[in-house]
Amino acid sequence: MNNEPASDRFVDPTPTDWNSAEMQARIRKRYASERRFKFLGLTAVVASAAFLAFLLLVMLGNGIGGFSQTRIALPIDFETAPIGLDPDLIRSGSGEAALAGADFRGLVDYAATEAYGPGADAWFSGGAWEIVRARIAADPDILLGKATFDLPAASDIDVANKGDGGAVSERAVADLERRGVISKSFNSAFLTGGDATDPALAGIWGALKGSLLTMAVTLALAFPIGVLASLYLEEYAPQNRWTDIIEVSINNLAAVPSIIFGLLALAVFINFFGMPTSSPLVGGLTLALMTMPVIVIAGRNAIKSVPPSIRDAALGVGASRVQVVFHHVLPLALPGILTGTIIGMARALGETAPLLLIGMRAFIADPPAGLSDAATVLPMQIFLWSDEVDKGFVEKTSAAIIVLLVVLLTMNALAVYFRNRFEKRW
Amino acid sequence: MSTDTSDAVSATGSPNAKMTARDVSVFYGDKQAINSVSIDVDRDNVTAFIGPSGCGKSTFLRTLNRMNDTIPSARVEGEIKLDGEDIYASAMDVVQLRARVGMVFQKPNPFPKSIYDNVAYGPKIHGLADNKGEMDTIVERSLKRAGLWEEVKDRLTDSGTALSGGQQQRLCIARAIAVDPEVILMDEPCSALDPIATAKIEELIHELRGRYAIVIVTHNMQQAARVSQRTAFFHLGTLVEYGLTTDIFTNPRETRTKDYITGRYG
Ligand SMILES: Nc1ncnc2c1ncn2[C@@H]1O[C@H](COP(=O)(O)OP(=O)(O)O)[C@@H](O)[C@H]1O
Ligand SMILES: [Mg+2]
């Protein structure tokens, strides 16, 4: 025991002067640093918001035109036009062959020159004749008289009509406007059609559908496998060297450059298992390999953050391990798992490199009908279009980016919705 | 206060024993936390485990319903019986054991679910109710026994986590009661509660006595004196002294016990 008197052990300190100049300066400094920190934080938030807004506005400005299409009314007088078809022939058994053999391209060129003078045939989209043919096939009786077709304009006219064309095209547009035959309307073909060599006819639906199918395969594989793997690793696996090795491998897998997954998929899925090239099935498998580690890592963190007391509580009333996991741990971890899943899926949605290697960069005119059909995906379509020389593809590219962003935002919104539904507080 | 009138208790050999432990040792890896403890838990009385922090009270308590099984490094030696049945035998179903020997933890840990679902969870997984009506009865009875019914009967769908700390702990007791256990283990159930909530839990323990065999770990000696009829004093992983609470507190046999209850260390 210490026998010294208490007063010897404590030297009486001089009382603190809270109002001294030094103290005041210290307080001012503290407030200043607080303000500085707040300001820096705010600047960072504003800067990133501004970047995002800038990006969106530029894309919207460039791409909005891609959703509309300039059309020119073209009257065709079938009595004089060189087409050599009549309604009876088309309705007869050899109608298909007759339509296939007829020169609709020549017909459109002829009618354009007749109506608007020499050179006017170049004002129409290279694929305009397909619309004429489709309408004749549907209603052969128009071959008996005159008819007017609203045909898509060639891309230089289209661009000029939207205010950004060359002098020649501008003059043509002015001429057409004087005649009152030029119009601009919503281009529904863009949202329902597949890719085409003619920008006036090219649509995003093929790539969009390819992306949706690919994402469906990715989600269907990566989510359950990722969740089960993280549950097993967190709740069941013994803590030993093997689980350490697995943990390191998964972390590394998440960091592997995506193109390597493409090479792996090419070697395994296509060359070894003989799965169809360019298909959403193989694309989805490839992206699932990439996405799974992201889900496992997020899932393990989410499971770790479930308080152990909840496990004790459930075990304490006699729940089995599986019941603890599925009644308590998983529901509480689900919001975190969903956040990880959406990050992984968003990355997969924007991925192009591995898909290049499995052949999803081909020109694909028909939207895929199933998982094994040849397909492409949105970012690949953007890449392909941005590579085109035709000026009409510039705004198509931006329009495709808008579609990609809309898909991304929809996906994120869904995830936030589900997360809020499952979120529980304790 | 203790109401027990029997003359004395020996650590072992009581004919009224609900649970018996013989030469129980517990290891965490190489480290021994409990050294050869033998003790009988009485069927009709409240048994208190006291002792300084880290002496192994929780560790020993958790061997009684095999909660230590969930700690990979923990290893239990010796024999523990519930009504003569070896609970560490391979024939013993640990899930059923934990329903028969319920547990209330130090920190109130209601599920982040409704009050009703908290109580109904145990009966549901053990199939104790055939329909909604039976479940309602079980929930109401359990909440009444836990002394919580009057406070929550109008908001059974509210989250259990929205209750106050004391109410949460009584909800946890109701949850343990709902599966109709034979023994209830409580590990410092009041250490996170204020004095009023503590008094309520102590009152509740009095009421539950006789219906369930109760073991309570506490480092609050006044609490041990108030709620228990038997007290076991643990020190450094060994059972130093076990006897009637009145004897332990007024006339301890061991000097270590005396030192502890007079506040010389702890
Ligand atoms: N999970 C564990 N792993 C390793 N050692 C533990 C674990 N739990 C408790 N211990 C050790 O066992 C001893 C007894 O702990 P515990 O039973 O919690 O004591 P008490 O409840 O009496 O305070 C302590 O030394 C503690 O450090
Ligand atoms: Mg303890």
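All of the numbers you see were taken from the coordinates with simple rules; none came from a lab. Since we're looking at a predicted model, the values are computed, not measured. Note that each Cβ is placed from the backbone with ideal geometry, even for glycine, and that neighbours are counted across all protein chains shown.
Numbers for the structure displayed
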{"read-out": "Sorted by Cβ neighbour density within 10 Å, fewest at the top, the residues B:249, B:60", "value": "B:249, B:60"}
{"read-out": "Quarter of the Cα convex hull surface for the range B:176-250, i.e. its orientation-mean projected area (nm²)", "value": "5.7 nm²"}
{"read-out": "Where only C-alpha atoms are counted, convex hull volume of the range B:17-261 per residue in Å³", "value": "120 Å³"}
{"read-out": "Kirkwood-based shape ratio for the range B:157-198, expressed as Rg/Rh from alpha carbons", "value": "0.99"}
{"read-out": "Residue order, fewest to most beta carbons within 10 Å, for A:269, A:422", "value": "A:422, A:269"}
{"read-out": "Hull volume in cubic angstrom per residue (convex hull over the Cα atoms of the protein assembly as shown)", "value": "298 Å³"}
{"read-out": "Chain A: angle of helix A:330-349 to the longest principal axis, Cα-based, in degrees nearest 10", "value": "40 degrees"}
{"read-out": "The range A:107-123 - phi-based ³J(HN,Hα) in whole Hz, Karplus 6.51/-1.76/1.60, Gly and Pro as x", "value": "4, 5, 4, 4, 5, 5, 5, 4, 7, 10, x, x, x, 5, 4, 7, 6"}
{"read-out": "Alpha-carbon centroid distance for the pair the range A:337-373 / the range A:123-160, whole angstrom", "value": "35 Å"}
{"read-out": "Alpha carbon centroid spacing (whole Å) that separates the range A:47-78 from the range B:92-107", "value": "66 Å"}
{"read-out": "Extension gain, residue A:174 back to residue A:301 (0.36 nm per residue minus Cα-Cα distance, nm)", "value": "39.3 nm"}
{"read-out": "With Cα atoms, 0 to 90° folded angle of helix A:167-179 axis to chain A main axis", "value": "70 degrees"}
{"read-out": "Computed over the range A:205-422, the ratio Rg/Rh where both radii use C-alpha atoms and Rh is Kirkwood", "value": "1.05"}
{"read-out": "For the range A:125-187, diffusion coefficient by Stokes-Einstein and Kirkwood Rh (Cα), 20 °C, 1.002 mPa s, µm²/s", "value": "163 µm²/s"}
{"read-out": "Most fluctuating residue given options A:409, A:355, A:285, as computed from a GNM of chain A linking Cα atoms under 10 Å", "value": "A:409"}
{"read-out": "Neighbour-count ranking [beta-carbon atoms within 10 angstrom, fewest first] of B:36, A:185, B:53, B:228", "value": "B:53, A:185, B:36, B:228"}
{"read-out": "Interchain or long-range residues, amide H under 5 Å from residue B:216's placed H", "value": "B:47, B:48, B:49, B:186"}
{"read-out": "Inter-site label distance for residue A:51 and residue A:388 at 7 Å from Cα along Cβ, in nm", "value": "3.1 nm"}
{"read-out": "In degrees, nearest ten, helix A:392-422 long axis to first principal axis of chain A (Cα)", "value": "40 degrees"}
{"read-out": "Normalised contact order of chain A, rounded percent, pairs of Cα under 8 Å and 6 or more residues apart", "value": "19 percent"}
{"read-out": "Mean separation of Cα contacts under 8 Å (6+ apart) over length of the range A:7-141, as relative contact order %", "value": "18 percent"}
{"read-out": "Cα Rg over Rh - the range A:73-188, Kirkwood", "value": "1.01"}
{"read-out": "Mean residue ellipticity (222 nm) of chain B, computed from DSSP H runs ≥ 4 via -39,500 (n - 2.57), nearest 500", "value": "-9500 deg cm²/dmol"}
{"read-out": "Most fluctuating residue given options A:383, A:67, A:273, as computed from a GNM of chain A linking Cα atoms under 10 Å", "value": "A:273"}
{"read-out": "Relative contact order (percent, whole number), chain B, Cα cutoff 8 Å, 6+ residue spacing", "value": "29 percent"}
{"read-out": "Estimated FRET transfer efficiency when R0 is 35 angstrom, pair residue B:93-residue A:245 (beta carbons, to 0.05)", "value": "0.50"}
{"read-out": "Cα-projected label distance for residue A:113 with residue A:25, points at 7 Å along beta-carbon direction, nm", "value": "9.3 nm"}
{"read-out": "FRET efficiency estimate (nearest 0.05) - Cβ-Cβ, residue A:192 to residue A:347, R0 35 angstrom", "value": "0.80"}
{"read-out": "Label point distance in nm, residue B:155-residue B:71, each placed 7 Å from Cα along Cα→Cβ", "value": "3.7 nm"}
{"read-out": "Sites residue A:80 and residue A:139, calculated FRET efficiency, Cβ-Cβ separation with R0 25 Å, nearest 0.05", "value": "0.80"}
{"read-out": "Distance histogram for the range A:200-288 (every C-alpha pair counted, 5 angstrom bins, percent rounded to whole numbers)", "value": "3, 12, 15, 19, 18, 14, 10, 5, 2, 1, 1, 0, 0"}
{"read-out": "Extension gain (nm, one decimal) between residue B:220 and residue B:196, 0.36 nm per residue minus Cα-Cα", "value": "7.1 nm"}
{"read-out": "Average other protein chain Cβ within 10 Å of Cβ, residues A:317-328", "value": "6"}
{"read-out": "Isotropically averaged projected area of the range A:265-329, using the convex hull of Cα atoms (one quarter of hull area), nm²", "value": "6.0 nm²"}
{"read-out": "Directionally averaged projected area (convex hull, Cα atoms, the range A:221-338), nm²", "value": "8.4 nm²"}
{"read-out": "Dmax and Rg, reported as Rg then Dmax, of the range B:72-171 (C-alpha, Å)", "value": "16.2, 48"}
{"read-out": "Among A:226, A:61, A:193: highest mean-square fluctuation, GNM of chain A, C-alpha pairs under 10 Å", "value": "A:61"}
